[in-house]
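The values are calculated or read from the model by the stated rules, or taken from the named source; none is laboratory data. Quantities reported herein were computed from a predicted structural model and do not represent experimental measurements. Heads up, the Cβs are rebuilt from the backbone with ideal geometry, glycines too, and the neighbour counts pull from every protein chain shown. The accessibility values were calculated without ligands, DNA or RNA, using every heavy atom of the protein model including side chains. Shrake-Rupley method; radii C 1.70, N 1.55, O 1.52, S 1.80 Å.
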Amino acid sequence: MDRAARLWPALLLAACGGSPASAPATVRELGALGHPAVVTARDGGASVSVRGRTLWLFDDTLMTVTGADGFSYRSATAGWADGASLTLDEPLDAAGAPFQLLPFTDAELAYNRAGGPNERFALWPGSAIESPDGAFVFFGYLKVHPGALNYEGLGAGVATLAPGSTVATRLPDLLFAPPVPGFSVGAVVADGFVHLYACDPSGTLDSDCRVARAPAAEPTTTAAWTVWDGAAWNADLTKGAPVLHGAPGDLSVSWNDHLGAYLAVSSAIFSDDVVFHTAPRPEGPWSDARPLFVGARHEGTTNYAAKEHPELATDGGRSLLVTYAHPLGGFDEDVRVATPTLP
């Protein structure tokens, strides 16, 4: 859904679904996150604080120029900002295009040149944590096929990124490969472990999210990961039990001091609504979704990919900073920023 409603078809999807009851938070819209003038659309928008600066991660990115590598689009880009500034530092290549954050292999590049953008490999950064040398970036690995929402999940991996850089180094082996879910979103460190979520469609307008964890000091080793099976952490990564329902492919998870609980923020499915869940632990039990706020509307489209940025929260977690992908019709799209304030 949300992770499956990526940029190319998402820009063409009509909104559907209604709004839940009135939101419990007051909200202020700050506008769109900055981007280079050549960028017309992008989505995703995960972030993490690294050495006191904010690293922003984006998925599909459309451009008005052809980059030095011969592509007029990217499946992953990044930028850096000072704190909550909406102005990002994004280096550009010799053709004036932002760099591909997660480099493709030669074989992947050849495949994408032959069939892209409708038939291609994609590398979508889902979330990140700070590392001793910069950041660990967790990403989904998949093939995009022609047609709306037509994706083939190939697993999830991890890359390392140095402070200030917008080109990461992919580890050669995937962390997770089918039939293991592609854990890459919602990264949160708790009790010395990094937790990642995978949210996959479970039926019409619903999804199941599962959670895996590994020691925060060794998240690049598959053998270090376990999944919550409903009763314990299990080394069989195919045994994960659903822990949260309704987050359409993408979400954020963080500890919130104001609530005294873990907070998961996501879009509602095919809706402009942004919702939240709470839990005492990353594995749950998670509450049902509750309304947070309604994002800006644009006729004929629907928002998606909402997430909170806990490193930019204020007032002890009462005032949140949330982004969401906001299609504007055609092939234009912003990542919008809002600051909902909890009661």
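Taken about its Cα centre, region 303-343 carries a charge dipole of about 140 debye when Lys and Arg each add +1 at the Cβ and Asp and Glu each add -1 at the Cβ.
Largest first and in whole Å, what are the equivalent-ellipsoid semi-axes of region 235-343 based on the Cα gyration tensor, each being the root of 5 times an eigenvalue? It would help to have the intermediate numbers written out before the result.
Numbers: eigenvalues 119, 69, 25 Å².
The answer is 24, 19, 11 Å, longest axis first.
Annotation: amide H of His195 within the under-5 Å range of Val188, Val189, Ala190, sequence separation 5 or more or interchain, hydrogens built in the peptide plane. Rg then Dmax, both in Å and based on the Cα atoms of region 90-163: 13.9, 41.
Between Thr66 and Asp229, the C-beta separation translates, for a Förster distance of 45 Å, into a calculated FRET efficiency of about 0.40. With contacts taken as Cα pairs under 8 Å and at least 6 residues apart, region 19-103 reaches a relative contact order of 25 percent. A simple packing score, the average count of other Cβ atoms within 10 Å per residue, orders the peptides 208-216, 249-257, 185-193 as 249-257, 208-216, 185-193, with the highest score first. Taking only alpha carbon atoms, region 195-284 gives an Rg to Rh ratio of 0.98, where Rh is the Kirkwood radius. By accessible area, using a 1.4 Å probe on protein heavy atoms only, region 191-343 has 50% of its surface on carbon and sulfur. Amide H contacts of Asp43 (H built 1.01 Å from N, in plane; Pro and chain starts excluded): Asp59, Asp60 sit under 5 Å, all sequence-distant by 5 or more or on other chains.
Using the Kirkwood radius built from alpha carbon pairs, what does the Stokes-Einstein equation give as D for the chain at 4 °C and 1.567 mPa s, in µm² per second? Each step should come with its number before you reach the end.
Working: Rh = 19.7 Å.
Estimated via Stokes-Einstein, D reaches 66 µm²/s.
Note that region 28-34 has calculated 3J(HN,Hα) couplings of 10, 7, 9, x, 8, 5, x Hz, one per residue in order, obtained from phi through the Karplus relation 6.51 cos²θ - 1.76 cosθ + 1.60 (θ = phi - 60°); glycine and proline are x.
Placing +1 on the Cβ of every Lys and Arg and -1 on the Cβ of every Asp and Glu, with nothing else charged, gives the chain a dipole about its Cα centre of roughly 100 debye. Packing here is the average count of other Cβ atoms within 10 Å per residue, and on that basis the peptides 34-42, 56-64, highest first, run 56-64, 34-42.
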